[in-house]
Amino acid sequence: MLKNKMPMLVISLLVLLLATMTFAIIVGSVAITPSIVWRVIFSHMPFFGDVIEADWTKAQEIIIWELRVPRTILAMIVGAGLAISGAAIQALVRNSIADPYILGVSSGASVGATSVILLGAFSFLGVYALSFASFLGALLAVIVVFMLAKVQGRISVIRLLLAGIAISLVLSAITNFMLLMSKQEGGIKAVMYWMLGSLGGAKWSVLPIPLITFIIVFTFLYLQYRNLNVLLMGEEAAITLGMNIDRFRKLLILLVSLLTGVIVAVSGAIGFVGLIIPHIVRLLVGSNYKHVLPISALVGAIFLVLADAVARIIISPEEMPIGIITALCGSPFFIWMLRRNSYSFGEGD
């Protein structure tokens, strides 16, 4: 039954995503009509540029093509990436209240970002310093967590969770120490704003790396959906079925950490997307990762595009950090999940 409904569900979500994207582009401190939005977009496409009459102002074109379109695309990538990363981590630990940040990615990235903003680290990289330092911090955090989680050469899920929590606390303390010692009021505000998540730095040159990383990781996860399903059955069942569970876990951690690190580097720490979206999707389509992964990507993209639009208009012309919007949406849902007492896939291992 579900197999027959999947094409219609995917089409419906794609239409909803298109509508959400249009809404996100037309709203803001400068309102623009949908017809102008799509004419500007098509005017930049091959074969359409010469046949579309330019009846918009140069300012409107800059707002649409240089500011809002890349920002909306980045919101899609970040939302979809966090959603599939969350789904993968939840399969890894067999618990639906896990999210991609349990590996210390967010805290590591925060240390890197804070060192750039307050201390001027990697200043020789110019505008790329913040993204580079954030990704480097996330990568180093994951490496330490990975090393602490190994027992006799194998990955222990329990140690992975505990190591992630411990390293996150240590790195958060380092970030807070740098904030406490800093005398730069503007820098402190910038760090806090970054830690709450923002897509304000979106531009066309930023998009290729997160997009390519997302495509690679999504393709791998989708091709491995059977192994993700096996993980839900527990370690003994996986070994019985001939799965090299330790190698798969290592590869899964590596790729999810890579994607999450790249995302955090360009958007800051946006919480709850990787937690609530996979859970909602499982309520819709069940636990088969053949369905969970693509639907999570679509729902995650829709959710974050909409959240970013709300963040831009709720206190216009100022902008609210998108992490506040996702937290306001995610916290009640998280509490509801806890009250249902059905957040575990199994007994754990």
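The values are calculated or read from the model by the stated rules, or taken from the named source; none is laboratory data. None of these values were measured; they are calculated from a predicted model. We place every Cβ from the backbone using ideal geometry, glycine too, and count neighbours over all the protein chains shown.
When the stretch 282-314 is examined, which residues are found to be outside any helix (DSSP H, G or I) and either without any contact (Cβ under 8 Å) to a residue 24 or more places away in the chain or surrounded by 20 or more Cβ atoms within 10 Å (Cβ to Cβ) (or both)?
Applying the first criterion (outside any helix (DSSP H, G or I)) to the stretch 282-314 yields 286-288, 314.
Residue satisfying the conditions is Ile314 alone.
When the residues of the stretch 26-82 are narrowed to those that are among the polar types (S, T, N, Q) and in a helix (DSSP H, G or I), which ends up surrounded by the most Cβ atoms within 10 Å (Cβ to Cβ)? Talk me through it step by step, then tell me what you get.
Taking the stretch 26-82 as the starting set, the residues that turn out to be among the polar types (S, T, N, Q) are 29, 33, 35, 43, 57, 60, 72.
Next, from what is left, pick out any that are in a helix (DSSP H, G or I): 35, 43, 60, 72.
Working: Ser35: 11, Ser43: 18, Gln60: 16, Thr72: 23.
Here the residue is Thr72.
Keeping to the stretch 85-101, report how many residues are over 15 Å from Leu221 (Cβ atoms) and hydroxyl-bearing (Ser, Thr, Tyr).
The total comes to 2.
Picking from Leu118, Leu125, Leu130, Leu148, which residue would you name as being of a type outside the set (Gly, Ala, Ser), within 22 Å of the chain's Cα centre (by Cα) and in a helix (DSSP H, G or I)? Spell out how you get there, then give the answer.
Details: Leu118 fails: within 22 Å of the chain's Cα centre (by Cα); Leu125 fails: within 22 Å of the chain's Cα centre (by Cα); Leu148 fails: within 22 Å of the chain's Cα centre (by Cα).
One residue alone meets the criteria, Leu130.
What do you reckon, is Pro294 under 26 Å from Ile216 (Cβ atoms) and touching a Phe, Trp or Tyr at 6+ places or on another chain (Cβ under 8 Å)?
On the way: under 26 Å from Ile216 (Cβ atoms): yes; touching a Phe, Trp or Tyr at 6+ places or on another chain (Cβ under 8 Å): yes.
In short, yes.
Got a number for residues in the stretch 192-238 being outside any loop (DSSP other than H, G, I, E, B), modelled with pLDDT under 90, of a type in the set (A, V, I, L, M, F, W, C) and under 23 Å from Leu304 (Cα atoms)?
Number satisfying all stated conditions: 3.
Specify the residue that is surrounded by the fewest Cβ atoms within 10 Å (Cβ to Cβ); the eligible residues are those in the stretch 157-187 that are in contact with a Leu (Cβ under 9 Å, 6 or more places away or on another chain) and not aliphatic (A, V, I, L, M).
For the stretch 157-187, the residue satisfying everything is Gln184.
Among all residue pairs at least 6 apart or on different chains, which show Cβ distances below 7 Å where the first residue, located in the stretch 13-38, is touching a residue at least 24 places away in the same chain (Cβ under 8 Å) and the second is exposed (fewer than 12 other Cβ atoms within 10 Å of the Cβ) and assigned to a loop (DSSP other than H, G, I, E, B)?
What qualifies is Ser29/Pro317.
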